[in-house]
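One structure is given below, encoded as C-alpha cells.
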Amino acid sequence: MISSFSIGFNLYNYIRHHLDKDKTILELGSGEVSGLLSLDYKVYSVEHDPKYIDKYQTNYIPTPIINGWYDLDPGDLPVFYDLLLIDGPPERIGRCGILDSLGLFDLSKPVIVDDTHRRTEQRIASVFANRKESEAVTFNDQHNKKFTVIW
C-alpha cells in the first residue's frame, strides 16, 4: 500500500494509463511513488527537504522554500515535460505560492493537482483550469484523498 503522504494508488494508475512510457514528468514534491514513476518515465522532482533528495532515482531539483514557495527560476526547470504533477510543498507549508509562479510552467501541458479534497488545492486546480480554458476533473483516491486532472 502506498502511504498517505504520497500520491495514491489511483493517481499512480491514472498516470500509468494516460501517459505513455518514456514521457517526462515534472513533479513538485517527491515521495515513494517518485521512485515507481521513474521506472517508466523521466521524472524531475522539485524538492526542498534534504531527507528526500536523492532518495529515489529521479532528477532532483533541490530548492529551498522562501516566503512559502519553492525558490525557483525558469532555468531551474526542464525546458520540456509532458505532465506537471503538483504534490508539494507539504500542507504545513502550503501550495498557494504556485499561483504567483504560473509563468514558470508550460500551461499547454496536462496538470494534475493532488490532495484536492482540501480547499486550497481545489482553488489551485480551478485556477489552472481557468488559465488553460479546460475542464478540471476530480477523482477519488485512497486514504479519502482526491486528485484533479486538467488536460
List, please: which pairs have Cβ atoms under 9 Å, are six or more places apart or on different chains, and start with a residue in the range 49-66 that is modelled with pLDDT under 95 and end with one that is open to solvent by 40 Å² or more (accessible area, probe 1.4 Å) and part of a loop (DSSP other than H, G, I, E, B)? GLN57/LEU39
Between a first residue in the range 22-44 that is within 18 Å of VAL113 (Cβ to Cβ) and part of a loop (DSSP other than H, G, I, E, B) and a second residue that is open to solvent by less than 20 Å² (accessible area, probe 1.4 Å) and among the charged types (D, E, K, R), which pairs have beta carbons less than 9 Å apart while being 6 or more apart in sequence or on different chains? GLY29/GLU47; GLY29/ARG95; GLY29/ASP114; SER30/GLU47
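Against the definition (under 24 Å from PRO64 (Cβ atoms) and touching a Ser or Thr at 6+ places or on another chain (Cβ under 6 Å)), how does VAL79 come out, yes or no?
Numbers: under 24 Å from PRO64 (Cβ atoms): yes; touching a Ser or Thr at 6+ places or on another chain (Cβ under 6 Å): no.
No; evaluated as a whole, the condition is false for this residue.
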Quick one: in the range 108-130, which of the residues that are of a type in the set (Gly, Ala, Ser) and either free of Cβ contacts under 8 Å to residues at least 24 places away in the same chain or part of a loop (DSSP other than H, G, I, E, B) (or both) is surrounded by the most Cβ atoms within 10 Å (Cβ to Cβ)? ALA129
List, please: which pairs have Cβ atoms under 6 Å, are six or more places apart or on different chains, and start with a residue in the range 67-89 that is on the phi > 0 side of the Ramachandran plot and end with one that is surrounded by 13 or more Cβ atoms within 10 Å (Cβ to Cβ) and not in a helix (DSSP H, G or I)? GLY68/GLY94
Take the range 131-145 and flag every residue that is in a strand (DSSP E or B) and open to solvent by 80 Å² or more (accessible area, probe 1.4 Å). ASN140
Out of (1) over 16 Å from the mean Cα position of the chain (by Cα); (2) over 26 Å from HIS18 (Cα atoms), what's the single condition that is false for GLU135? (2)
Return only the number of the condition from (1) over 19 Å from ILE150 (Cα atoms); (2) touching a strand residue (DSSP E or B) at 6+ places or on another chain (Cβ under 7 Å); (3) open to solvent by less than 40 Å² (accessible area, probe 1.4 Å) that ASP76 does not satisfy. (3)
What's the total number of residues in the range 20-72 that are crowded, with 22+ Cβ neighbours inside 10 Å and in contact with a His (Cβ under 8 Å, 6 or more places away or on another chain)? 1
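Just for the range 89-106: of the residues that are small (Gly, Ala, Ser) and not in a loop (DSSP other than H, G, I, E, B), which one is surrounded by the most Cβ atoms within 10 Å (Cβ to Cβ)? Don't jump to the end; show me each part of the working.
At the first step, the residues of the range 89-106 found to be small (Gly, Ala, Ser) are 94, 97, 101, 103.
Add one more test, that the residue is not in a loop (DSSP other than H, G, I, E, B), and what stays is 97, 103.
Numbers: GLY97: 18, GLY103: 7.
Ranking the candidates gives GLY97 first.
The values are calculated or read from the model by the stated rules, or taken from the named source; none is laboratory data. Everything quoted here is computed from the prediction, not taken from an experiment. Cβ sites come from the backbone with ideal geometry, for glycine too, and all protein chains shown count toward neighbours. The area values use the complete protein model at the heavy-atom level, side chains included, leaving out ligands, DNA and RNA. Shrake-Rupley method; radii C 1.70, N 1.55, O 1.52, S 1.80 Å.
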